[in-house]
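The values are calculated or read from the model by the stated rules, or taken from the named source; none is laboratory data. The shown structure was predicted, so the numbers you read here are calculated from the model rather than taken from an experiment. Note: ideal-geometry Cβ built from the backbone for every residue, glycine included; neighbour counts use all protein chains shown. Side chains included, ligands, DNA and RNA excluded: accessible areas come from the protein's heavy atoms. Shrake-Rupley method; radii C 1.70, N 1.55, O 1.52, S 1.80 Å.
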Amino acid sequence: MTISTSNFGEIEINPADIINFEEGLPGFAKATRFVVLFQEPEGETPNPISFLQSVDDAELVFVLANMDDFYPDYAPMVHPFVEKDGFDVNSTAIYNIATVFEDMTQTTVNLKGPVLIDYDKKRGKQIVCQGDEFPIRAILFGATEEGEEA
């Protein structure tokens, strides 16, 4: 299947790789079908950055960051959501949406709203962590090994 993207042009995707976000993403409720671009094959180390591309809207793409590479101590409480919403804990990956700026040192990541993707069930959902432990805008490229902002 060929889809149009604003950043990568026309690309071929496998329809079996489409992830369904039943409720859309906050602010984008009508966009429910996405594909993760530049994700490493199963069993390999995940790329630190990948893209959540809408299948139906070429302009709608989110930058996904793998926090293992930037904030290794990041551990949001997602298990209640995983269990409640029927996600498989063994096949669910956790990403965070980054906002990229021309000055890359200003790039931020939303630690409060992780994106869950169950690759086996082809389902996705963005959740909101309760409390003030995780900021909505944390500097991405200034994180230290301890997971704090530099």
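Counting only protein heavy atoms and using a 1.4 Å probe, what share of the accessible area of the chain belongs to carbon plus sulfur, as a whole percent? Write out the running numbers ahead of the final one.
On the way: 4310 of 8560 Å².
In the chain, the share of accessible area belonging to carbon and sulfur is 50 percent.
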task = May I ask which residue of Ile49, Gly9, Tyr71 lies farthest towards the positive end of the charge dipole of the chain, with charges of +1 (Lys, Arg) and -1 (Asp, Glu) on Cβ and the Cα centre as origin?
result = Gly9
message = Order 97-107, 63-73 from most to least packed using the mean count of other Cβ atoms within 10 Å.
response = 63-73, 97-107
Helical mean residue ellipticity (222 nm; -39500 (n - 2.57) per DSSP H run of 4+; nearest 500) of the chain = -1500 deg cm²/dmol
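How much FRET efficiency would the formula 1/(1 + (r/R0)^6) give for Val100 and His79, where r is the Cβ-Cβ distance and R0 is 35 Å, rounded to 0.05? Don't skip to the end; give the middle numbers.
Numbers: r = 30 Å, r/R0 = 0.85.
Working from the Cβ atoms, E equals 0.75.
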inquiry  = Can you classify segment 62-117 as rounded, prolate or oblate using the Cα gyration tensor, where a ≥ b ≥ c are the square roots of its eigenvalues, rounded means a/c under 1.5, and otherwise it's prolate if a/b beats b/c and oblate if not?
reply    = prolate
query = If R0 is 35 Å, what FRET efficiency do you get for Ile18 and Asp132 from their C-beta distance, rounded to 0.05?
reply = 0.50
note = Expected vector for segment 85-90, Karplus 3J(HN,Hα) from phi with 6.51, -1.76, 1.60 and θ = phi - 60°, integer Hz, x for Gly and Pro, equals 9, x, 7, 8, 4, 7
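Per residue, how much accessible surface does segment 1-82 expose to a 1.4 Å probe? Answer in Å², no decimals.
Values: 4590 Å² over 82 residues.
Using a 1.4 Å probe on heavy atoms only, each residue of segment 1-82 averages 56 Å².
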